[in-house]
Amino acid sequence: MSLEAALEIAQVGMPAGRDRTSDIEVAVVDHAGTLLVLLRADRATEQFVDGAMQKAWTALNLRASTRDVLASIQSGEQDDEQLPFIPKSLFLMGGVPLTVGTEVVGAVGAAGCVNGLDDDAVAQLAAQTFQQLAGS
């Protein structure tokens, strides 16, 4: 995961959030969960800045979208009710792992939209852009 790729996918997410009339924040973390890029709208609040970073961290470390993990927790079908107690994690829609082949090389998190489905759509769009850049 290069800084250039992280910046490019974050820049894709910003207008996608604005199109949803949101003060969006987009965070991209590397393979270790370290923040590479954080872009925030002018009127963004700290809550959503932290949320974007935590969603990216969660998607990276669980190697799944936060939307999928949230659905699994809510369904009660797995033994994962303890997951929300992991420090730094946030189980709200809007976190997506970034992969090259089968290897997770980073993650993107989006926060600030009116609803989680829009946060998820922004993060998914950024992840699709990464896939194009990576040639996957």
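The values are calculated or read from the model by the stated rules, or taken from the named source; none is laboratory data. Values in this document were obtained by computation on a predicted structure and should not be read as measured data. All Cβ positions, even for glycine, are placed from backbone atoms using ideal geometry, and neighbour counts span all protein chains on display.
Things to note:
- Count of residues meeting criterion [surrounded by 19 or more Cβ atoms within 10 Å (Cβ to Cβ) and either in contact with a Lys or Arg (Cβ under 9 Å, 6 or more places away or on another chain) or more than 24 Å from residue 8 (Cβ to Cβ) (or both)] in the range 31-44: 0
- Among the candidates 78, 47, the residue that is surrounded by fewer than 15 Cβ atoms within 10 Å (Cβ to Cβ) and part of a helix (DSSP H, G or I) is uniquely 47.
- Among the criteria (1) free of Cβ contacts under 8 Å to residues at least 60 places away in the same chain; (2) in a helix (DSSP H, G or I); (3) crowded, with 18+ Cβ neighbours inside 10 Å, the one residue 13 does not fulfil is (1).
- When we screen 34, 21 for residues that are among the β-branched types (Val, Ile, Thr) and free of Cβ contacts under 8 Å to residues at least 24 places away in the same chain, the only hit is 34.
- Residue count for the range 89-118, restricted to those that are among the hydrophobic types (A, V, I, L, M, F, W, C) and under 14 Å from residue 68 (Cα atoms): 6.
- Among the residues of the range 87-132, the ones that are buried (at least 19 other Cβ atoms within 10 Å of the Cβ) and either of a type in the set (Phe, Trp, Tyr) or assigned to a strand (DSSP E or B) (or both) come to 12 in all.
- Members of the range 50-63 that are surrounded by fewer than 24 Cβ atoms within 10 Å (Cβ to Cβ), closer than 20 Å to residue 125 by Cβ and either of a type in the set (S, T, N, Q) or touching a helix residue (DSSP H, G or I) at 6+ places or on another chain (Cβ under 8 Å) (or both): 54
- The residues on offer are 130, 91, and the sole one that is aromatic (Phe, Trp, Tyr), at pLDDT 95 or above and in contact with a helix residue (DSSP H, G or I) (Cβ under 8 Å, 6 or more places away or on another chain) is 130.
- Filtered residues of the range 27-44 (kept if in a loop (DSSP other than H, G, I, E, B) and closer than 16 Å to residue 88 by Cα): 31, 32, 33, 34
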